[in-house]
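Participant: I'd like to ask some things about the structure below.
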Amino acid sequence: MVNKSSHIPIYVQIEEELKRRIDSGEYVVGEPIPSERELSVIFGVSRMTVRQAITNLVLNGLLYREKGRGTFVSKPKLEQPLNGLTSFTEDMRARGLVPSNKLIKFEKQQPPFDIARDLLLEEGEEVYFIVRIRNADEQPMAIERTYIPVRALPNLTEESFNGSLYRLVEDTYGLKIGNAIQQMEASIVAKEDSKYLQIDPSAVVLMIKRISYLTDGRPFELVRSSYRADRYKFISEIQR
Ligand code: 16G
């Protein structure tokens with residue numbers, strides 16, 4: 001399986017072989033893979049080399065380590081298309097997963113300057129500030145901090161956030177959602193978010209900032225979402 005005279009480094013060859021075993025289902029999701037010692041015997045290489053291959057697969061989210069228990073196969077990442085203005089609830093339902101929310105904060109406030117500017121607010125205008133953990137099948141996937149101009153959606157309450165915000169905007173308020181501008185960047189998870197997302201304090205998250213507009217051009221939300229990078233990959237179709 002390992003070709004020692006190849007120009008491809010041995011740890012890369014092992015990484016590819018482990019990936020193949022994960023993809024083929026030989027190594028099962030949620031189950032441990034053989035130990036470093038066992039793999040070093042199977043492949044006839046040093047434990048160091050095996051460890052390097054495993055570490056790369058851990059960093060790529062295909063495997064995860066549990067202290068004292070071993071290395072396990074991760075669930076495949078959710079593929080999130082980047083070409084439609086959909087809600088978290090719609091995205092999860094489309095995959096047969098059950099969405100749920102945990103409301104961490106709901107308050108009316110004077111927004112920070114940059115938020116007021118992006119939401120085209122007038123001086124002194126207030127926003128609702130909402131922090132929600134978004135779960136799929138009861139597993140935390142993302143944490144979202146949402147700013148909504150009070151003028152755009154008056155009379156919101158905590159109960160408004162039991163379900164989907166976009167359903168509320170469209171069905172309860174009878175407004176039409178038009179488009180959004182989105183930016184994405186990678187970041188180390190914020191300290192307080194790591195416990196909500198149940199990830200390591202040094203883990204990486206994908207941060208998305210979305211400003212969404214009604215069809216008449218009025219902004220109705222500015223959302224900062226931190227998505228678990230070990231559970232998500234974003235896909236877009238590009239054309240020439
Ligand atoms: C998504 C949106 C977020 C929106 C939410 C509404 C991204 C990056 N963000 O999470 O801006 O507020 O959906 O979801 O996709 P809901 O209708 O389920 O509450």
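Participant: Could you grab me the full set of residues in the stretch 96-117 that are open to solvent by 80 Å² or more (accessible area, probe 1.4 Å) and of a type outside the set (D, E, K, R)? If you could, list the steps in order and put the result at the bottom.
Facilitator: Taking the stretch 96-117 and keeping what is open to solvent by 80 Å² or more (accessible area, probe 1.4 Å), we get 98, 102, 105, 108, 110, 113, 117.
Passing the criteria: Val98, Gln110, Phe113.
Participant: Write out, first by first residue and then by second, each pair whose Cβ atoms fall under 7 Å of each other, whose residues are 6+ apart or on separate chains, and whose first residue, in the stretch 147-168, is within 20 Å of Gln110 (Cα to Cα) and at pLDDT 95 or above while the second is open to solvent by 60 Å² or more (accessible area, probe 1.4 Å) and more than 13 Å from the ligand (Cβ to nearest atom).
Facilitator: Correct list of pairs: Val150/Lys108; Val150/Glu126; Ala152/Arg218.
Participant: Hey, among Glu144, Glu90, which residue is of a type in the set (Asp, Glu), within 17 Å of Leu197 (Cα to Cα) and not in a loop (DSSP other than H, G, I, E, B)?
Facilitator: Glu144
Participant: Search the stretch 219-231 for residues being of a type outside the set (S, T, N, Q) and part of a strand (DSSP E or B), and hand back the single one that is surrounded by the most Cβ atoms within 10 Å (Cβ to Cβ). Break it down stepwise before answering.
Facilitator: Looking only at the stretch 219-231, we keep the residues that are of a type outside the set (S, T, N, Q), and these are 219-224, 227-231.
From what's left, part of a strand (DSSP E or B): 219-224, 227-228.
Working: Pro219: 19, Phe220: 23, Glu221: 25, Leu222: 23, Val223: 20, Arg224: 16, Tyr227: 23, Arg228: 23.
Among those residues, the one meeting the criterion is Glu221.
Participant: Sticking with this structure for a sec: Going residue by residue through the stretch 174-190, is there one that turns out to be within 28 Å of Gly96 (Cβ to Cβ), among the acidic types (Asp, Glu) and open to solvent by 60 Å² or more (accessible area, probe 1.4 Å)?
Facilitator: No, the stretch 174-190 contains no residue that is within 28 Å of Gly96 (Cβ to Cβ), among the acidic types (Asp, Glu) and open to solvent by 60 Å² or more (accessible area, probe 1.4 Å).
Participant: Are there any pairs, at least 6 apart or on different chains, whose C-beta atoms fall under 8 Å, with the first in the stretch 105-128 and on the phi > 0 side of the Ramachandran plot and the second at pLDDT 95 or above and open to solvent by less than 60 Å² (accessible area, probe 1.4 Å), and if so, which?
Facilitator: That search, which allows pairs on different chains as well, returns Leu120/Pro219.
Participant: State yes or no: is Lys195 more than 23 Å from Leu165 (Cβ to Cβ), assigned to a strand (DSSP E or B) and away from the ligand (no atom under 13 Å from the Cβ)? Steps first, please.
Facilitator: Numbers: more than 23 Å from Leu165 (Cβ to Cβ): yes; assigned to a strand (DSSP E or B): no; away from the ligand (no atom under 13 Å from the Cβ): yes.
So Lys195 fails the test.
Participant: Hey, another quick one. Which is open to solvent by 60 Å² or more (accessible area, probe 1.4 Å) and of a type outside the set (D, E, K, R), of Val73, Val41?
Facilitator: Working: Val73 fails: open to solvent by 60 Å² or more (accessible area, probe 1.4 Å).
So the residue among Val73, Val41 that is open to solvent by 60 Å² or more (accessible area, probe 1.4 Å) and of a type outside the set (D, E, K, R) is Val41.
Participant: Could I ask something else about it? Looking at the stretch 193-213 only, could you name the residues that are in contact with a helix residue (DSSP H, G or I) (Cβ under 8 Å, 6 or more places away or on another chain) and either open to solvent by 40 Å² or more (accessible area, probe 1.4 Å) or at pLDDT below 95 (or both)? Give the derivation first.
Facilitator: First, pick out the residues of the stretch 193-213 that are in contact with a helix residue (DSSP H, G or I) (Cβ under 8 Å, 6 or more places away or on another chain): 200-201, 203, 205, 211.
Matches in the stretch 193-213: Asp200, Pro201, Ala203.
Participant: Do we have any residue at all in the stretch 232-240 that's under 14 Å from Thr146 (Cβ atoms) and either buried (at least 20 other Cβ atoms within 10 Å of the Cβ) or over 15 Å from the mean Cα position of the chain (by Cα) (or both)?
Facilitator: Going residue by residue through the stretch 232-240, those that are under 14 Å from Thr146 (Cβ atoms) are none.
So far as the stretch 232-240 goes, no, none of its residues is under 14 Å from Thr146 (Cβ atoms) and either buried (at least 20 other Cβ atoms within 10 Å of the Cβ) or over 15 Å from the mean Cα position of the chain (by Cα) (or both).
Participant: So which of Gly61, Gly25 is at pLDDT below 95, surrounded by fewer than 18 Cβ atoms within 10 Å (Cβ to Cβ) and on the phi > 0 side of the Ramachandran plot?
Facilitator: On the way: Gly61 fails: surrounded by fewer than 18 Cβ atoms within 10 Å (Cβ to Cβ).
Answer to the selection: Gly25.
Listed here are the residues, each with its yes/no results for (1) in contact (Cβ under 8 Å) with a residue 40 or more places away in the chain; (2) among the basic types (Lys, Arg).
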position: Asp193; (1), (2): yes, no
position: Ile199; (1), (2): no, no
position: Arg210; (1), (2): no, yes
position: Arg240; (1), (2): no, yes
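Participant: Residue check, Asp216 against (1) of a type in the set (D, E, K, R); (2) over 14 Å from the mean Cα position of the chain (by Cα); (3) crowded, with 17+ Cβ neighbours inside 10 Å, all met but one. Which one?
Facilitator: (3)
Participant: Ok, one more. Collect the residues in the stretch 212-235 that are over 16 Å from Met141 (Cβ atoms) and either in contact with a His (Cβ under 6 Å, 6 or more places away or on another chain) or near the ligand (Cβ under 9 Å from one of its atoms) (or both), keeping them in residue-number order.
Facilitator: Ser212, Glu221, Leu222 - these are the residues of the stretch 212-235 that are over 16 Å from Met141 (Cβ atoms) and either in contact with a His (Cβ under 6 Å, 6 or more places away or on another chain) or near the ligand (Cβ under 9 Å from one of its atoms) (or both).
Participant: For the stretch 1-31, how many residues are within 15 Å of Ser46 (Cα to Cα) and of a type in the set (Lys, Arg)?
Facilitator: Quick first cut of the stretch 1-31, residues within 15 Å of Ser46 (Cα to Cα) only: 1-4, 9-15.
Restricting the remaining residues to those that are of a type in the set (Lys, Arg) gives 4.
The total comes to 1.
Participant: Could you list, in sequence order, the residues of the stretch 169-178 that are near the ligand (Cβ under 10 Å from one of its atoms) and without any contact (Cβ under 8 Å) to a residue 24 or more places away in the chain?
Facilitator: Just the residues of the stretch 169-178 that are near the ligand (Cβ under 10 Å from one of its atoms), to begin with: 169-170, 177.
Within the stretch 169-178, just Glu170 meets the criteria.
The values are calculated or read from the model by the stated rules, or taken from the named source; none is laboratory data. Everything numeric in this text was worked out from a predicted model, so none of it was measured. No Cβ is skipped: glycine too gets one built from the backbone with ideal geometry, and neighbour counts run over all protein chains shown. We work out accessible area using only protein heavy atoms, side chains counted, and drop any ligands, DNA or RNA first. Shrake-Rupley method; radii C 1.70, N 1.55, O 1.52, S 1.80 Å.
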